[in-house]
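Participant: Quick one: the structure is below, questions incoming.
All of the numbers you see were taken from the coordinates with simple rules; none came from a lab. Values in this document were obtained by computation on a predicted structure and should not be read as measured data. Heads up, the Cβs are rebuilt from the backbone with ideal geometry, glycines too, and the neighbour counts pull from every protein chain shown.
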Amino acid sequence: MKSSYELAMERLNKTAPTTKTTPKQKKELAELDSLYTAKIAERELALNREIAQVRDFEKEEVLRNQLVQERKKLQAELEDKKERVRQAK
């Protein structure tokens, strides 16, 4: 008799089978992670420097929102590129 976990995993594999990543894909994914980690850190440093110099609360809030939006945009780009690498055969 199978456990509910085993049954759920079988159903999951039928709807979305797992795929193996090749060593080349793993390398590309790691490079993308590294590149986007650096991009995000660069933008955070630049915007945090601007935020530290601003004396106007409204301007500071705009910059903080810009930082959040840029981080989200870069994370979305990263996930999109990672998915393309995973789909490539």
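Participant: Quote the FRET efficiency, to the nearest 0.05, computed for Lys39 versus Arg86 with a Förster distance R0 of 30 Å and r equal to the Cβ-Cβ distance. The partial results should precede the final answer.
Facilitator: Details: r = 20 Å, r/R0 = 0.68.
Efficiency, from the Cβ-Cβ distance: 0.90.
Participant: Shifting gears a bit: Using all alpha carbons of segment 44-89, what is the percent of pairwise distances in each 5 Å bin, ordered from the shortest bin to the longest?
Facilitator: Histogramming segment 44-89 at 5 Å steps yields 5, 21, 20, 15, 11, 8, 9, 6, 3, 2, 0 percent.
Participant: By how many nm would the segment from Glu10 to Arg49 grow when fully extended, if each residue of separation counts as 0.36 nm and the alpha-carbon distance is taken off? Intermediate values should be presented prior to the final figure.
Facilitator: Working: separation 39, 0.36 × 39 = 14.04 nm, distance 5.10 nm.
Answer, rounded to one decimal: 8.9 nm.
Participant: Restrict the search to segment 1-31; then list the trypsin sites (Lys or Arg not before Pro) that DSSP places in a loop and that have at most 13 other Cβ atoms within 10 Å of their Cβ.
Facilitator: Details: sites: Lys2, Arg11, Lys14, Lys20, Lys24, Lys26, Lys27; in loops: Lys2, Lys20.
Sparse-neighbourhood loop trypsin sites (Lys or Arg not before Pro): Lys2, Lys20.
Participant: So if each residue of separation counts as 0.36 nm, and I subtract the Cα-Cα distance between Val62 and Thr21, what length gain in nm does that give?
Facilitator: 10.7 nm
Participant: Just add up the charged neighbours of Leu29: K/R +1, D/E -1, any other residue whose Cβ is under 12 Å from the Cβ of Leu29.
Facilitator: Values: positive: Lys24, Lys26, Lys27, Lys81, Lys82, Arg84, Arg86; negative: Glu28, Glu31, Asp33, Glu79, Glu83.
Residues near Leu29 contribute +2 overall.
Participant: Please quote Rg/Rh for the chain to two decimal places, taking the Kirkwood radius as Rh and restricting both calculations to Cα atoms.
Facilitator: My calculation of the ratio gives 1.24.
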